[in-house]
């Protein structure tokens, strides 16, 4: 059943967020040989699908992101994570494009994940949830896109783990992706990336309230371990320069050091806050699964070790973007993607944005990033024959 | 009482390692206003003090190092942490120099620290131990050097937190330091440095077996938390390139990923091993205290915000060394030291060693580092009038 183009154009309230359900007869079979059924996919949409069904953009969220790219987050009450880029008149112009963003499989914001009820047991999956891959996440998204009646996406875009999904989309479904924007990402997780993720997982698993992953059954949550994991990861999202500029060695609401283990420094207070805020909105087991999916990501490995082969003959237009101070997914990782795309004969533009904001730059307002995104999408939209906006809605 | 020059020339067995004790009448008064008495300082020496007492070198160890710079570690059975640099015929030539290395105050290898018995209570100090600073560590070392009857050290050398102690020595006791080698270090801890330390502390404190710091009284140890802290820190000691070269995405004793949370990747197995090995030899509260000492280090702050003023008129000869791939204490931090030394009118040479081994390069055999150290010490020894070695001992 194909919904009408208008059916996702209204902003639902929290309790009636859109989702689709795939039944026991439509399992998601995972790379690891697991099977997820039923599968619910929570998603948000912005703008309207045009009658040619040619203007759909899929946004892929990062590790701890969700479908609330441009809507107020139902748990935190904060603006969407790409609020600066998605909306009327913005680069992802919702007056022109139909923007879709779904929560990844394994997540915890409406899509089936380890905190969901396993229909086979009547209890939360916990570690019985299959270890999923980036390709599994993309398979689930393709099921959603099918359900929405969209054959070809105008664009797939995302940063960090979202960028991995973009690359996987272009490799798995080249005929369904007109344009692709992998941002601040890599075609494979590096040893250092895996190392930081492993520290986070060990922090969660070291918390006795993790209970071997069965904490939901036992009415507890490994909040301390998850907070430590988040604190550790958070450092990697920022550049040394950004930390120095923002916090330096400034003291937190005191004139002199206390010679104690209190949060004397603002950076300590900030990190502790990041940890505490995170556990309010994220499931610890989901954190294990999404970090693991990244670790397993090595697109070339699926193509005989050749990343170029993943993109051979691709007609997709690519715009690869990196940020100078991103040391988690450095420009060298983006260059490797660009080289492979060139070797595969793909159409690719590559922009390294000067920014001192580190990996998180892709979530922030950076004028050059903004302009690059707008320019790429406008050019691609012309090529795709998507009508420009003639008059703004009030 | 001054010991004879020969009295520290023999290698004692583990049970009779040298130490000095300062009684209740000689407290170490700390920057934070605390007082440590009695104070035991565990130390090792190599080589012999000459009759002019002019050939003593003090080595300052890094965060989790100890006095076993060139002796087999009594707990791990491993070679000393600077075994490559310290010994007969090596740059720190024990045929020529009298090399001293002591465990820092707050440590856990023979010098008084939080695991020591507090004479006021008869229990382990725990968090009742005063929060110490780098300057407190150096004060304790100066007490040891006094006790050894040495007025002026020929050289003070060390990397990382050891380098901070070197800078503090040169600032606090300029007339007692003929030559100084601050290596892979900084004159102040950056926001990012503090952030990584805070994650480690939070990991320790999140472990319920930490028991508010009173774990020794209760017969437990926060091993899981301390292991996570070590894993997190260990990543920062290595460069991304070194990790990629050494581990890459290689799997650990398996042909294919298991789609699980086992240590599929060699880097995961390696990190877990690092965490487990560390808790065998290190006290969790000591980890809190030594990381805190680094965080509080900001040498310029003690001199009205001017690092140059810390070194004004210094007659000490400096050799500042950094490593290209060290992102924890990057070359820019060493350059800041060099600029201050130049501004203060000090004699300084600066060498940035090309290495892809990250921060840990200062603990490894790097030919250029080796040659730089040898050259600097030989030149300084000539200037100090320390006789060359005429014949090697068998």
If every alpha-carbon in segment A:74-164 counts as one equal scatterer, what log10 I(q)/I(0) does Debye give at q = 0.12, 0.16, 0.18 1/Å? -0.49, -0.83, -1.00
Looking only at other chains, what is the average number of their beta-carbon atoms within 10 angstrom of each beta-carbon in A:232-242? 4
Inter-copy spacing of residue A:142 label points, which lie 7 Å from Cα along Cα→Cβ, given in nm from shortest upward: 7.1
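Please state the equivalent ellipsoid semi-axes for chain A: what are the square roots of 5 times the Cα gyration tensor eigenvalues, largest first, in whole Å?
Numbers: eigenvalues 201, 136, 93 Å².
Each semi-axis is √(5λ); the values are 32, 26, 22 Å.
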Using alpha-carbon positions, the gyration tensor of segment A:32-83 gives root eigenvalues a ≥ b ≥ c; with a/c under 1.5 called rounded, otherwise prolate if a/b exceeds b/c, else oblate, the class is oblate
Can you work out the FRET efficiency for the pair residue A:281 and residue A:119, with r the C-beta to C-beta distance and R0 = 22 Å, to the nearest 0.05? 0.30
Shielding of A:219-225 by partner chains, average beta-carbon count, 10 Å: 2
Could you tell me how many cubic angstrom of Cα convex hull volume the protein assembly as shown has per residue? 175 Å³
Sorted from shortest, what are the nm distances separating the label point of residue A:244 from equivalent points in the other copies, each placed 7 Å from Cα along Cα to C-beta? 2.4
Can you order the peptides A:345-356, A:53-64, B:154-165 by their average number of other Cβ atoms within 10 Å per residue, highest first? B:154-165, A:53-64, A:345-356
Order of B:271, B:49 under a 10 Å beta carbon neighbour criterion, fewest first: B:49, B:271
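Just to verify a number: FRET efficiency for residue B:390 and residue B:52, C-beta to C-beta distance, R0 = 22 Å, to 0.05?
It comes to 0.85.
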Over 17 Å [Cα-Cα, segment A:253-358], rounded percent: 71 percent
Identify which of B:201, B:147, B:382 has the largest mean-square fluctuation in a Gaussian network model of chain B, with springs joining Cα atoms closer than 10 Å. B:382
Within segment B:20-131, what percent of beta bridges assigned by DSSP are antiparallel, to the nearest 5? 65 percent
Report, largest value first, the span of the C-alpha coordinates of segment B:113-168 along each principal axis, in whole Å. 40, 27, 13
Simple spin-label model, 7 Å along Cα-to-Cβ: residue B:364 to residue B:303 in nm? 3.3 nm
Placing one identical point scatterer on every Cα of segment B:329-390 and ignoring solvent, what is log10 I(q)/I(0) from the Debye formula at q = 0.17, 0.24 Å⁻¹? -0.76, -1.08
Shortest first and in nm to one decimal, what separations exist between residue A:117 and its copies in the other chains, measuring from label points 7 Å along the Cα-to-beta-carbon line? 6.0
Note: segment B:193-292 at 25 °C, 0.890 mPa s; Kirkwood Rh on alpha carbon pairs; Stokes-Einstein D in µm²/s works out to 168 µm²/s
Helical contribution to [θ] at 222 nm, DSSP H n ≥ 4, -39,500 (n - 2.57), averaged over chain B, rounded to 500: -10500 deg cm²/dmol
Could you tell me the relative contact order of segment B:193-292? Use alpha-carbon pairs under 8 Å, at least six residues apart, and round to a whole percent. 30 percent
Between segment B:32-98 and segment A:184-261, the Cα center-to-center distance that results, in Å: 35 Å
What's the average, rounded to a whole number, of partner chain beta-carbon atoms within 10 Å of each residue's beta-carbon in B:260-273? 5
A:123, A:135 arranged by Cβ crowding within 10 Å, fewest neighbours leading: A:123, A:135
With R₀ set to 25 angstrom, the calculated FRET efficiency between the beta-carbons of residue B:371 and residue A:354, to the nearest 0.05, is 0.10
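Only the coordinates and a few stated rules stand behind these numbers; no lab work does. This is a predicted model, so every value here is computed, not measured. Don't worry about glycine lacking a Cβ; one is built from the backbone with ideal geometry, like all the others, and counts go over all protein chains shown.
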